[in-house]
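Report on one structure; see the data block that follows.
Read-outs throughout are calculated quantities, based only on the coordinates presented, and are distinct from any laboratory measurement. Just so you know, these numbers come straight off a predicted model, no measurement behind them. Cβ: placed from backbone, ideal geometry, glycine included. Neighbour counts: every protein chain shown.
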Amino acid sequence: MWQLKQLERLHEVEPDMVNTAVEELLEKEPVLREKLIIGAYIDGEINFGKAAELLNLHPVKLRELFLARGIPVRIGEESKEGIVSEGTAAKRIRENLK
């Protein structure tokens, strides 16, 4: 689609404008948001903890959702960056539960 190509080009010079527009779209379209987050998880762009955080789901509930949909659950990180990211996501989830 030409629109996506133009958004990508515009993002290079006006990243805040494009980021804001995309966030507004995802707020208005929760199904699209969920599909993008799950797609990013499946493609390895985000880890399980980040997916749970972005979907605002407890990791146990996300695991149940993934298993019900046949999505592989990858829990546990091998890299230092991944471990830090998992810890940060878990902390945010705990804070949201208070």
| remark: GNM of the chain, Cα pairs under 10 angstrom: of 56, 19, 47, the biggest fluctuation goes to 19
| Which FRET efficiency value, to the nearest 0.05, do you get for residue 57 and residue 21 by plugging their Cβ-Cβ distance into 1/(1 + (r/R0)^6) with R0 = 25 Å? | 0.50
| task | Identify which of 25, 62, 54 has the largest mean-square fluctuation in a Gaussian network model of the chain, with springs joining Cα atoms closer than 10 Å. | result | 25
| query | Of all chymotrypsin sites (Phe, Trp or Tyr not before Pro) in the range 1-88, which ones are in loop regions per DSSP and have a Cβ with at most 11 other Cβ atoms within 10 Å? | reply | none
| Average Cα contact separation per residue, the range 10-97, under 8 Å, 6 or more apart, as relative contact order % | 24 percent
| said: Return the Rg/Rh ratio of the chain with Cα-based radii and a Kirkwood Rh. | reply: 1.02
| query | According to a simple spin-label model (label point 7 Å from Cα along Cα-to-Cβ), what is the distance in nm between residue 14 and residue 35? | reply | 2.6 nm
